[in-house]
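Report on the structure given below.
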Amino acid sequence: MIEPVALSTLTTFRVGGPPAALVAPVTEQDLITETLVVWGLDENWLLLGGGSNTVVADEGFDGIVISVVTRGIEVLAAAPESSKADAADAAVSDAGADVGARVRLRVQAGEPWDDLVAYAVDHGWAGIEALSGIPGSCGAAPVQNIGAYGQELSDSLIAIDFLSYETGEVDRLERADLALGYRTSALKQGLRGVVLAIELELHDTAAEASVLGSTLGQPLKYAQLAGALGVQLGDRVPLSIVRATVLGLRAGKGMVLDPDDPDTYSAGSFFTNPIVTETFARSLPTDAPRWQLEAEPADRVIPLEEYMGVGPIPGEEPVRLVKLSAAWLIEHSGVGRGFRLPGSKAAVSSKHTLALTNTGGATAEEVAELARYVLGRVQAEFGVNLQPEPVLVGLTL
Ligand SMILES: Cc1cc2nc3c(=O)[nH]c(=O)nc-3n(C[C@H](O)[C@H](O)[C@H](O)COP(=O)(O)OP(=O)(O)OC[C@H]3O[C@@H](n4cnc5c(N)ncnc54)[C@H](O)[C@@H]3O)c2cc1C
């Protein structure tokens, strides 16, 4: 155990009191051993990576924090047979991004995510370049299936090595076991344990580069990014340019950590974009942005009844779902950029309404009060209950 420090110093929101105790093992084996010791103590415990998606109460955490700081990126020697077959068949062409040589990586949980992206881009490995600049650790990346600018971790994740709280054993869980979805996974929904390492498969564009002259990223899937690059959706652009452009776009929104920019003292987006039935979406103003999702069987929609007061229509399956813009709903409920409650040091980001921020010296309770206010405004104006994206420790909204 090491001397516990206030969790405000270990989280990007910079709020939260100390835990009862803290451990920070630096090797994978020590992470396993020390975690099993902690679990044997019958105390509360909390895993913490980069602390960029965790908001801790002012009282701190009455238990042991396991800080995940293991480092290392391993290039796995043998490509799996299926990938080799793909590689043999591959033709280098503009449309050839989905086939071709692949590279597999095994990455320790405490490795900073953006260091991994930078490493992949430098080596000409495509698949996570649009996820540049997302703070936090690789071990937490599957927890909410990180995503941005048209890519998600689930596009590249093969498996995780997982220390199960249930069994105390290390298991390999394949991507299909993890129920990865929009900002969610089985890990976020109650599967307890430690992600020790993640295994990714990326597109090795080095062979293409000898023909095309450059290592290209995956086909672009996000209109704003394609627009910033001056190309069309589906086009491929050199990896390093995609990375630089994403970092620039993110900086403009306060979405890359910057000690000089208080708008980044946050947990990124504080609310997820709500998913509602198309029927419900029709009750919203016509200019409210919405994106059509796959139709879902009615049983997947039932939880929405709790959230939205709108249920599946019996006998009318499948129900069509749309994703709304939480930022638009917040802004149009009268909560603008930079908004803060009187006397509070918590504020809506001055760059966009989806992030709540600590303008300096805010308490966790001030953050929670602001979040409750935003939730109340959106509920009153549009009848939508926004869901918080970060993990709240000791805080209720
Ligand atoms: C400025 C900013 C921008 C952001 N932009 C994005 C974005 O574009 N897209 C996006 O998806 N997210 C974004 N986020 C959210 C955040 O960066 C990600 O969710 C990230 O994956 C969190 O990693 P972390 O290590 O900081 O997690 P933490 O906050 O340390 O932990 C998050 C959760 O994961 C658990 N956890 C941590 N490590 C492990 C482990 N090894 N095994 C099991 N559970 C673990 C924790 O217990 C906690 O429940 C942003 C955050 C900030 C501050």
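Bear in mind that the values in this text are calculations on the coordinates, not laboratory data. Just so it is clear, the structure is predicted and the values come from calculations on it, not from any experiment. All Cβ positions, glycine included, derive from the backbone under ideal geometry; neighbour counts span all protein chains shown.
Annotations for the structure displayed:
- Top of Gly63, Gly361, Gly230 by mean-square fluctuation, Gaussian network on the chain, Cα under 10 Å: Gly230
- The 3J(HN,Hα) values that the Karplus relation (6.51, -1.76, 1.60; θ = phi - 60°) gives for the stretch 376-392 are, in residue order, x, 5, 5, 5, 5, 7, 10, x, 10, 8, 5, 10, x, 8, x, 7, 9 Hz. Gly and Pro appear as x.
- Panel note: the C-alpha atoms of the chain, placed on their principal axes, show extents of 61, 56, 49 Å (largest first).
- Values of log10 I(q)/I(0) for the stretch 73-252 across q = 0.10, 0.15 Å⁻¹ run -0.39, -0.86, by the Debye formula with one identical scatterer at each alpha carbon and no solvent.
- For Thr215, the residues whose amide H sits under 5 Å from its own are Leu239, ignoring neighbours fewer than 5 places away on the same chain, with H placed 1.01 Å from N.
- Candidates Pro289, Pro112, Pro342: whichever shows maximal mean-square fluctuation once the chain is modelled as a Gaussian network with Cα springs under 10 Å: Pro342
- Centroid-to-centroid, using Cα positions, the stretch 121-170 and the stretch 348-397 are 26 Å apart.
- Per residue, the chain reaches -7500 deg cm²/dmol at 222 nm when only DSSP H runs of four or more residues are counted, each adding -39500 (n - 2.57).
- Long-range amide H partners of Ala355 with built H, under 5 Å: Phe270, Ser349
- Under 22 Å from Lys188, Cα to Cα: lysines that are on another chain or at least 8 residues apart: Lys323
- Placing +1 on the Cβ of every Lys and Arg and -1 on the Cβ of every Asp and Glu, with no other charges, gives the chain a dipole of roughly 1160 debye about its Cα centre.
- Length available on full extension from Glu174 to Ala380: 0.36 nm per residue minus the Cα-Cα distance, which gives 70.0 nm.
- Rounded, prolate or oblate (a/c below 1.5 giving rounded, otherwise prolate when a/b exceeds b/c) for the stretch 155-205 by Cα gyration tensor: oblate
- Cα pair distances of the stretch 108-211 binned at 5 Å [whole percent]: 2, 13, 23, 25, 17, 10, 6, 2, 1, 0, 0
- Taking the Kirkwood radius as Rh and the Cα radius of gyration as Rg, the stretch 7-67 has a ratio of Rg/Rh equal to 0.98.
- In order through the stretch 363-375: 3J(HN,Hα) via Karplus (6.51 cos²θ - 1.76 cosθ + 1.60), integer Hz, x for Gly, Pro: 9, 4, 5, 5, 5, 5, 4, 5, 4, 4, 4, 4, 4
- FRET efficiency for the pair Trp291 and Ala186, taken as 1/(1 + (r/R0)^6) with r the Cβ-Cβ distance and R0 = 35 Å, rounds to 0.90.
- FRET efficiency for Arg282 and Leu397, using Cβ-Cβ distance with R0 set to 25 Å, rounded to 0.05: 0.35
- For Glu111, residues with placed amide H under 5 Å, excluding near neighbours: Gly72, Cys138, Gly139
- Taken one residue at a time, the phi angles of the stretch 322-337 give Karplus couplings (6.51, -1.76, 1.60, θ = phi - 60°) of 10, 9, 9, 8, 4, 4, 5, 4, 5, 4, 7, 9, x, 9, x, 4 Hz. Gly and Pro are set to x.
- When each of Val246, Val211 is scored by the number of other beta-carbon atoms lying within 10 Å, the sequence from fewest to most is Val211, Val246.
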